[in-house]
Amino acid sequence: MLIPALTAQAADKAGAMDGYLPTDGSLKQGAHVRLFYSEEIQEPVKKLNEAMAKLPQDKAEDRATFIKEFSSNLQPSYSAAIWPDRADYDRFIEAWKKTQISPITEVAVGLQKVDDNNWRVLSATVDAQTKKPVPLTISALRYNAEKNEWTSNNGVLKATDYSVPDTSIFGAQTGTEWVLEKKDDLTILRESLRVSRTTDGKFVYVAYSLVERSAVTGGNIAQGDYLLRFPVQTTGANVGTPGQR
C-alpha cells in the first residue's frame, strides 16, 4: 500500500495515548485484522447449539455467562449444564484455540498535535473499490490530552481503564477505552475507541465501534467497527493464533 509521506517532528506527550502510536506526525504501519474460526469448530458448535436449545430455564445464567465470554472473545468457562460430557467442552476449546487472527487490509495510523492539548488522528488505508489510500473514520475524532477525552461528531467519549486476561483470544491486554452513550426518544447510540497493548509487549491494538439503533423499533440505523493491530517488536502484520501471537 502506498502511504502518504509525512515529515516527522519532535514527539510530544499525548496523555493516555502516549506510547501507543507515533506522536510526531509520522504513521505506524499495521493492519485491520479479524478472526477466522477453524473448520474444526463446526461440529463442537453444532453440539453446543443442541445443548443450549435444551437448557432448562433455571440454567439461564450458564447461557448468559457463555454468551458474554464468547462474544467478548474470552475462552468460555466450563459449564456442566451446557457440556454434560466434559470431552465435548475440551473439543470445543481445542478448536477455539485454533482461531486465526488474520490481516485484512494494511493501515497506517499516527497522531499529530493541533494545539497545546489537542491532537488529531492521521490515518490511511486502501479503499476496496478504488484501491487508493483513504483515511479511516477515526481521523474525524479529536483527542484532548489534558482532559483525556475524545470528541466525535456525536459528542464526548469518556475514558475508562481496560484490561483482559490471557484467556482472551487476542492475548492479555491493558489500556484505555473511551465510550460515549446517548439515548433519546428516537435513538440509542454507543461509540467507543480503545487502545491497548498486549502484556507480552508484541502488539498494540486500536478498536473503534459505532452502533446506532432505533429506540422505537430496535433496528440498527448505523453500525461500523474495526480492529487494528500494530506490531511493537516485529515488522509487518503477521497472522497469529491464540497462544502464538
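What to note about this one:
- Residue within region 179-186 that is at pLDDT 95 or above and surrounded by fewer than 19 Cβ atoms within 10 Å (Cβ to Cβ) present: yes
- Restricted to helices (runs of 4 or more DSSP H) entirely inside region 28-146, those with at least 1 residues that are surrounded by fewer than 18 Cβ atoms within 10 Å (Cβ to Cβ) and in contact with a strand residue (DSSP E or B) (Cβ under 9 Å, 6 or more places away or on another chain) are 60-71.
- Selection status of residue 197, closer than 30 Å to residue 98 by Cα and basic (Lys, Arg): yes
- Subset of region 111-155 that is β-branched (Val, Ile, Thr) and free of Cβ contacts under 8 Å to residues at least 12 places away in the same chain - its residue that is farthest from residue 210 (Cα to Cα): 130
- Matching entry among 56, 44 (being under 26 Å from residue 172 (Cα atoms) and not basic (Lys, Arg)): 44
- For residue 223: the one exception among (1) part of a strand (DSSP E or B); (2) modelled with pLDDT of 90 or more; (3) farther than 24 Å from residue 95 by Cβ: (2)
- Cβ-Cβ under 7 Å pairs, at least 6 apart or on other chains, region 50-64 side in the same structural domain as residue 85 (by TED's automatic domain parsing), far side among the small types (Gly, Ala, Ser): 55/81; 59/81; 62/79; 62/81
- Evaluation of residue 106 against (1) within 18 Å of the chain's Cα centre (by Cα); (2) not assigned by TED's automatic domain parsing to the domain that holds residue 203 (one fails), failing number: (2)
- Of everything in region 167-178 that is without any contact (Cβ under 8 Å) to a residue 60 or more places away in the chain and buried (at least 19 other Cβ atoms within 10 Å of the Cβ), the residue that is nearest to residue 151 (Cα to Cα) is 178.
- Residues of region 189-203 classified as of a type in the set (A, V, I, L, M, F, W, C) and either without any contact (Cβ under 8 Å) to a residue 12 or more places away in the chain or more than 16 Å from residue 17 (Cα to Cα) (or both), total: 1
- Residue match in region 202-219 (condition: exposed (fewer than 15 other Cβ atoms within 10 Å of the Cβ), of a type in the set (Ser, Thr, Tyr) and at pLDDT below 95): yes
- Index of the failed condition, residue 12 passing every other in (1) in contact (Cβ under 8 Å) with a residue 60 or more places away in the chain; (2) assigned to a loop (DSSP other than H, G, I, E, B); (3) in the same structural domain as residue 147 (by TED's automatic domain parsing): (3)
The values are calculated or read from the model by the stated rules, or taken from the named source; none is laboratory data. Keep in mind it's a predicted model, so treat the numbers as computed, not measured. Quick reminder, even Gly has a Cβ in these numbers, built from the backbone with ideal geometry, and neighbours come from all protein chains shown.
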